[in-house]
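Colleague: Have a look at this one.
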Amino acid sequence: MTTVRFIVRLVPLLAAILIDSISYTIVVPVLAAALVSDAPLLMAGQSQSIRYIVYGVALGAFELMMLYMAPVLGEISDRIGRRPVLVVCLAGVAASLVLIGGAILFDIVALLLLGRILGGAMAGSQAVAQAAAVDQSDEATKPLALSLCLFASSVGFILGPLIGGAMAYAERPTVVDFTIPIGITALLALLAVALILIWYREPARPSVQRLRLGDVDLLMGVRGFRAALADPVIRRVVAIFACMQVAWGAYFLFLPSLLFERFDLDTGTVSLMMGLLGVGFCAAYGLCLPWLQKRVAARTIAAWSLWGTAALMVVSFWSHDLAVQWAIAFPIATVVSIAYGAIITQFSDAVESDRQGWILGISISVTALAWGGSSIVAGVLSGLDYRAPFVLALVAMVASAGLATMRSARPAAQLQGE
C-alpha cells in the first residue's frame, strides 16, 4: 500500500514526462510527411533540397535550444521550486505545438521554426519532473521513481508516433490530418499543467532564494563541458556518448524519409514503425538492461550493444525489403537503448555522489548538442541523397563502438575509485 501511495504521488510528474516525450516524437513523422514526402503540405513550391534543409534545421533548432535551456531551467527549479517551472514549461510546450499546427495550416515556415525554438526552450520539463520525483523519494524509493520516469518517457516514444500518424492513413493526407494530432497533444500538455496545479504537492525546502536575472548563466550547459573534458575518464565517456548520439539522432530522425523514399509508405504506416521503436525502448529499460546490469559490467554492455546497433544499421541501410525493416525495428531500438543506459551508468560511476546532478546534466547537454548538430548536417546531406544521413549514422556508430571497445589508459581499479 505504501508503494501504491508513493506511485500515486508521482502521477502528475509522470504525466509531465509522458507529455514531454509525446510532444517531441509526434513532430518527427508529421514534419517528415509535411515537408519531405512526395506530396508536401509545407513549401510545396520549393525544391526537395530546400525542404530537406528546412526539415533538418527545424529538428536541430529544438535540440540546440534544449542544450542551452535545460540546465538553466534546472537551476531555476532548484532556486524557486519545481512546480512553477513545470507549469511554465508545459504551457510553453502547448504553445509550441499550436505554432507548429498553425505553420502547417497556413503554410508559414516562420511559425514552424518559432514553434520548434520555443519547444526546445521548454524541453527542460522532463529533467525538472525527474528531479521533482527524486525530491519525493528516499533512498529506498529513488530507484523506483527513476525507473518510472524512464518508463514514462519510453511510453511517450510509442504514443507520439501513433498519435502523429493516426489521422494520416489516407494516400494523400490533408492539412486537417496533421493539425488534429498536433492539437490533441497541445491539449494533453494543458491537461498536464492542470494535474501539476491540482495534484502535485512540492515538499517544503529549507531555504528558497530570490532568483535574480544575473544569477542565471545562459551558457552553463556549454561551460560545463570544460570541467568535464578536463577529466580523462569523463572525456572518454563523453566521446563514446557523443558519437553514439550523433549516430542514433541521424538514424531516428531521418528514418521516416528513408521509408518514404524507398518504400513509398503512407504517414500512418511510418508512424506505426516509429511506435514499434518505442516498444523496443520500453523493453530495454524495463526488462533487458536491469537483468544485464546484475551480471555484466556497464562498459562491456555498452561496447557489445553499440556494435550490435551498428550491425543492425547496416541491415537497415542496405535492405530494400520492407519486411526486413519491420523485423529489425524492435531489436535495434532495444539494443541502442541498452547501450544508452549502460553509458549513462558510466557517467554516474565517474563521479562522487555529490556531483551526480552535474554529470547527468553534462549527459543531457551532450545529447542535445549531438542530436541538434547531426539533424542539421544530415538535413543538408539529404539534399544530396536521402541515404546520406544513414552513412553518417553508421560511421558515427562504428566510431562509438570502437572507442567503447578500446582499453582506457588507466587501470580499471583506478577508474572505479574515481
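Colleague: Out of SER348, SER337, SER363, SER382, I need the residue that is modelled with pLDDT of 80 or more and open to solvent by less than 40 Å² (accessible area, probe 1.4 Å). Which one?
Modeller: SER337
One line per residue, one yes/no per condition, for (1) hydrophobic (A, V, I, L, M, F, W, C); (2) open to solvent by 40 Å² or more (accessible area, probe 1.4 Å); (3) free of Cβ contacts under 8 Å to residues at least 24 places away in the same chain:
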residue	(1), (2), (3)
ALA34	yes, no, no
GLN48	no, yes, no
ARG51	no, no, yes
GLY56	no, no, no
SER77	no, no, no
ARG82	no, no, no
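Colleague: Further question on the same structure: Please specify each residue of the range 266-295 satisfying the condition of being open to solvent by less than 20 Å² (accessible area, probe 1.4 Å) and among the aromatic types (Phe, Trp, Tyr).
Modeller: PHE281
Colleague: Taking only the range 32-51 into account, find how many residues are at pLDDT 80 or above and touching a Gly at 6+ places or on another chain (Cβ under 9 Å).
Modeller: 5
Colleague: Something else now. When you scan the range 36-50, do you find a residue that is part of a helix (DSSP H, G or I), among the hydroxyl-bearing types (Ser, Thr, Tyr) and over 21 Å from the mean Cα position of the chain (by Cα), even just one?
Modeller: The answer is yes; a qualifying residue exists.
Colleague: Hey, can you tell me all the residues within the range 108-127 that are at pLDDT 90 or above and of a type outside the set (A, V, I, L, M)?
Modeller: Correct list: GLY115, ARG116, GLY119.
Colleague: Pick from LEU111, LEU10: which is out of contact with any Phe, Trp or Tyr (no Cβ under 6 Å at 6 or more places or on another chain), assigned to a helix (DSSP H, G or I) and open to solvent by less than 10 Å² (accessible area, probe 1.4 Å)?
Modeller: Going through LEU111, LEU10 in turn, the sole match is LEU10.
Colleague: Here's a follow-up. Out of everything in the range 254-299 that is assigned to a helix (DSSP H, G or I) and basic (Lys, Arg), what residue ends up being farthest from VAL336 (Cα to Cα)? Before the answer, list the steps.
Modeller: Going residue by residue through the range 254-299, those that are assigned to a helix (DSSP H, G or I) are 254-263, 267-293, 298-299.
Imposing the further condition that a residue be basic (Lys, Arg) reduces the set to 262, 299.
On the way: ARG262: 24, ARG299: 14 Å.
Applying the filter and picking the extreme gives ARG262.
The values are calculated or read from the model by the stated rules, or taken from the named source; none is laboratory data. Small disclaimer: the values here were computed from a predicted structure and weren't measured. A quick note on method: Cβ atoms are made from the backbone with ideal geometry, for glycine too, and the neighbour counts reach across all protein chains shown. Ligands, DNA and RNA are stripped out before the accessible areas are found, and what is left, the full protein with its side chains, is counted by its heavy atoms. Shrake-Rupley method; radii C 1.70, N 1.55, O 1.52, S 1.80 Å.
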